[in-house]
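Reading through the structure tokens given below for one structure.
Read the figures in this text as sums done on the coordinates, not as results from a lab. This is a predicted model, so every value here is computed, not measured. Cβ: placed from backbone, ideal geometry, glycine included. Neighbour counts: every protein chain shown.
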Amino acid sequence: MTHYTILPMDAVLEGLEEMDKTQTLEISVDGVTMQVQPLNQRQASIVRLISCNPQDFLNPRFAPGRLIEFEPVTKGEA
């Protein structure tokens, strides 16, 4: 991807390192894989969808920023 701008490179890339430090998880809800940012042990905010189905992106339940509730599963339970 090419990005043309008159801004200096430092201004364009400012804050990029902090974005990488946020903890995200990949979970599946109703067969839709998504990346979420945990808020507490049972709630998370949707960051992005990881799906090949275009209909998933049109579903308002899976819009980025929406809160979802989930049941944590440990590796021994799966």
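Counted by Cβ distance under 12 Å from Phe62, the other residues give a net charge of +1, where Lys and Arg count +1 and Asp and Glu count -1. Most tightly packed first, judged by the mean number of other beta-carbon atoms within 10 Å of their residues, the peptides 29-38, 56-65, 5-14 read 29-38, 56-65, 5-14. Remark: the Val29-Asp10 segment gains 3.0 nm on full extension, using 0.36 nm per residue and subtracting the alpha carbon distance. The simple spin-label model puts a point 7 Å past each Cα toward its Cβ; for Ile50 and Thr74 those points are separated by 2.4 nm.
Taking a Cβ cut-off of under 14 Å around Val29, the surrounding Lys, Arg, Asp and Glu residues balance to a net charge of -1, with basic ones at +1 and acidic ones at -1.
For the chain, treating each Cα as an identical point scatterer without solvent, what Debye log10 I(q)/I(0) comes out at q = 0.13, 0.15 1/Å? For the chain, the Cα-only Debye profile gives -0.55, -0.68. In a Debye calculation with equal point scatterers on the alpha-carbon sites of the stretch 24-69 and no solvent, what is log10 I(q)/I(0) at q = 0.32 Å⁻¹? Cα-only, vacuum Debye calculation for the stretch 24-69: -1.32. Computed about its Cα centre, the charge dipole of the chain is approximately 240 debye, with only Lys, Arg, Asp and Glu carrying charge at their Cβ.
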